[in-house]
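Contents: one structure, followed by commentary.
The values are calculated or read from the model by the stated rules, or taken from the named source; none is laboratory data. None of these values were measured; they are calculated from a predicted model. Methodologically, a virtual Cβ is constructed for each residue, glycine included, from the backbone with ideal geometry; neighbour enumeration extends over all protein chains shown.
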């Protein structure tokens with residue numbers, strides 16, 4: 001990393017800490033950064049994710065490649081109260097499609113049935129299809145394509161029928 005990139009990373013870490021963001025992934029060319037803060041307190045209500053995007057764009061980083069964990073405002077939590085999360089049953093790498101260049105199994109807005117394949121979690125070179133355990137509408141993809149996932153980590157949010 002050159003000194004300019006190091007300064008950008010320091011600014012990013014400061015921004016994440018100020019806004020109590022617990023986890024963040026960034027990919028820029030061949031540089032991959034994953035930040036996870038151990039003692040992330042409750043998030044700042046009303047955090048503007050667009051502000052984070054503008055900060056990265058101003059630094060030449062483009063959009064975040066990963067997800068910003070625990071960055072929901074109060075109005076979003078009310079809206080999400082009836083959603084059911086599909087969680088990873090294993091530790092591995094999340095893939096939204098069966099192979100590179102093919103369409104994702106599901107996307108936001110799709111209606112799914114119990115048993116519909118949602119994604120793949122690769123673990124030790126084995127591709128494990130993750131199926132929906134509820135019928136409803138995909139409201140949110142929480143996991144990021146190609147990113148590592150932990151056991152019990154939410155992958156999708158579904159509004160049950």
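Find the strands (runs of 3 or more DSSP E) located wholly in the range 75-143 whose residues include 3 or more that are in contact with a strand residue (DSSP E or B) (Cβ under 6 Å, 6 or more places away or on another chain) and more than 14 Å from residue 157 (Cα to Cα), and list them. Explain how you work it out, then say what you get.
Values: elements: 84-87, 92-95, 117-123, 126-131, 136-141.
Those strands (runs of 3 or more DSSP E) span 92-95, 117-123, 126-131.
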Original post:
Among the residues of the range 1-14 satisfying the criterion of being in contact with a helix residue (DSSP H, G or I) (Cβ under 8 Å, 6 or more places away or on another chain) and either more than 24 Å from residue 150 (Cβ to Cβ) or without any contact (Cβ under 8 Å) to a residue 24 or more places away in the chain (or both), which is surrounded by the most Cβ atoms within 10 Å (Cβ to Cβ)?
Top reply: 11
**OP:** Read through the list (1) under 15 Å from the mean Cα position of the chain (by Cα); (2) at pLDDT 70 or above; (3) surrounded by fewer than 13 Cβ atoms within 10 Å (Cβ to Cβ), then give the number of the only condition that residue 26 fails.
**Re:** (3)
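Go through the residues of the range 29-40 one by one and say whether even a single one is exposed (fewer than 15 other Cβ atoms within 10 Å of the Cβ), more than 22 Å from residue 146 (Cα to Cα) and modelled with pLDDT under 75. Don't jump to the end; show me each part of the working.
Taking the range 29-40 first, the residues exposed (fewer than 15 other Cβ atoms within 10 Å of the Cβ) are 29-32, 34, 36, 38-39.
If we keep only those that are more than 22 Å from residue 146 (Cα to Cα) too, we end up with 38-39.
Retained after the next criterion (residues that are modelled with pLDDT under 75): 38-39.
For the range 29-40, residues exposed (fewer than 15 other Cβ atoms within 10 Å of the Cβ), more than 22 Å from residue 146 (Cα to Cα) and modelled with pLDDT under 75: present.
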Original post:
Looking at this structure, is residue 16 within 16 Å of the chain's Cα centre (by Cα), modelled with pLDDT of 70 or more, outside the structural domain of residue 127 (by TED's automatic domain parsing) and in a strand (DSSP E or B)?
Top reply: no
Original post:
Applying the selection to the range 19-32, what residues are assigned to a loop (DSSP other than H, G, I, E, B) and out of contact with any strand residue (DSSP E or B) (no Cβ under 6 Å at 6 or more places or on another chain)?
Top reply: 19, 20, 22, 29, 30
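Results for (1) more than 15 Å from residue 89 (Cα to Cα); (2) surrounded by 15 or more Cβ atoms within 10 Å (Cβ to Cβ); (3) free of Cβ contacts under 8 Å to residues at least 60 places away in the same chain, shown as yes or no for each residue.
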position	(1), (2), (3)
111	yes, no, yes
116	yes, yes, yes
119	no, yes, yes
127	no, no, yes
136	yes, yes, yes
139	yes, yes, yes
160	yes, no, no
